[in-house]
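We did not get these values from a lab; they are worked out from the coordinates using the rules stated. For clarity, every value in this text was computed on a predicted model and none was experimentally measured. No Cβ is skipped: glycine too gets one built from the backbone with ideal geometry, and neighbour counts run over all protein chains shown.
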Amino acid sequence: MSYTGFALNYLNKYEIGEAGIVDPSTGKITPPDKLYELAEGIQSVDLKNDEDSSDYSYYADRGGKETNISTVSTSYAFKGHRRYAEDDAQAFIRERLAKTGQDRVVYFKHTEPDGRILSGNATLSGIVHGGGDAGERGNFESTITFNGLPDDSKSNTVEVTSVTLNKTTTSIAVGANETLTASILPADATDKTITFTTSDEQIATVTSAGKVTGVKAGTATINASSKNGKTASCTVTVTGA
């Protein structure tokens, strides 16, 4: 992904899952097959890099101070509201509330807006999964701290920059159908998945392949969306049979 300018915080993506498998000979971590995105209910993320340093003075530097950074600890403090679901990031963290030691170790991945990725095994701490005023939403908090230095890499992902449809307006009769074709740019985008939706299923339906069927007279909008939120639309007018 190529990104320039000021990025809003929500463009950062945070994912969590079971601890990755560490290769003892290389130290390389294999991530788990399934990751949960930490987004639902999250209002703020406080990122900190805690550093330990030592200061030295040498004759060659005329007695001036030289600072050496010896360790770096990167942590993320998540805060928001407790959202209940069977299979999501908050539920995954909640399961570790009464756990200690290795049971608090997870795999964590932070994808920055420009595609750069910090990833590795990390430790969960400070889990809060409720509480607050009677008429308010329950609190949620958790801090995730990388164990040692995380892997810092640039993503090879090529993001979709635009989606277009072969038509922006069309007309079909009740019971008739027409297939809309979506095109994306750039052609070498990594994830070319397109999702079709309709604004009104009582007027016109659409399949995952873009096949539109007229249901009753009226107007509906068919949207084609990429995974990263790029969209195109077609206004469909359904006429009486």
- prompt: For the chain, modelled as a GNM with alpha-carbon contacts under 10 angstrom, which of 98, 134, 173 fluctuates the most?
  reply: 134
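Using Cα-Cα distances under 8 Å and only pairs 6 or more residues apart, what relative contact order does the chain have, in percent?
RCO, the chain: 16 percent.
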- line: For segment 162-239, the Kirkwood Rh over every pair of distinct alpha carbons, in Å, works out to 12.4
- prompt: Hey, if you put +1 on the Cβ of every Lys and Arg and -1 on every Asp and Glu Cβ in the chain, which of 194, 76, 42 ends up farthest toward the positive end of that dipole?
  reply: 194
- prompt: Under the Karplus relation 6.51 cos²θ - 1.76 cosθ + 1.60, θ = phi - 60°, what is the ordered set of whole-Hz ³J(HN,Hα) values for segment 18-24, x standing for Gly and Pro?
  reply: 4, 4, x, 8, 9, 6, x
- prompt: Among 105, 236, what is the fewest-to-most ranking by other Cβ atoms within 10 Å?
  reply: 105, 236
- request: Please report, in Å, the Rg and the Dmax of segment 109-227, where both are computed over Cα atoms only.
  value: 22.4, 63
task: Please work out the Cα convex hull volume for segment 82-148 and give it in Å³ per residue.
output: 112
task: Give the peptides 159-169, 17-27 in descending order of average Cβ contacts within 10 Å, highest first.
output: 159-169, 17-27
- prompt: Taking only DSSP H segments of four or more residues, each worth -39500 (n - 2.57), what value at 222 nm results for the chain once the sum is divided by all its residues, to the nearest 500 deg cm²/dmol?
  reply: -500 deg cm²/dmol
- request: First select every other residue whose beta carbon is under 9 angstrom from the beta carbon of residue 73; then total the charges, Lys and Arg +1, Asp and Glu -1.
  value: -2
query: Mind checking which aspartates and glutamates have their C-alpha under 20 Å from residue 79, skipping anything on the same chain fewer than 8 residues away?
result: 15, 37, 40, 46, 50, 87, 88, 95, 112, 133, 136, 141
statement: Expected unfolding gain across residue 44-residue 192 under the 0.36 nm per residue rule, minus the alpha-carbon gap, is 50.2 nm
message: With +1 on the Cβ of every Lys and Arg and -1 on the Cβ of every Asp and Glu, and nothing else charged, how large is the dipole of the chain about its Cα centre, in debye rounded to the nearest 20?
response: 640
- request: Write down the Å³ per residue value for the convex hull defined by the alpha carbon atoms of segment 1-123.
  value: 193
message: If you take Cα extents along the principal axes in Å from the coordinates, which of (i) 90, 51, 37; (ii) 54, 44, 31; (iii) 54, 41, 34 do you get?
response: (i)
message: On a full-extension model of 0.36 nm per residue, what is the gain between residue 34 and residue 13, subtracting their alpha-carbon distance, rounded to one decimal in nm?
response: 6.1 nm
Gain on full stretching of the segment that runs from residue 172 to residue 202 - 0.36 nm per residue minus C-alpha separation: 9.4 nm
- request: Starting from the Cα of residue 230, draw a straight line to each of the lysines and keep only those under 16 Å, dropping any in the same chain fewer than 8 residues away.
  value: 192
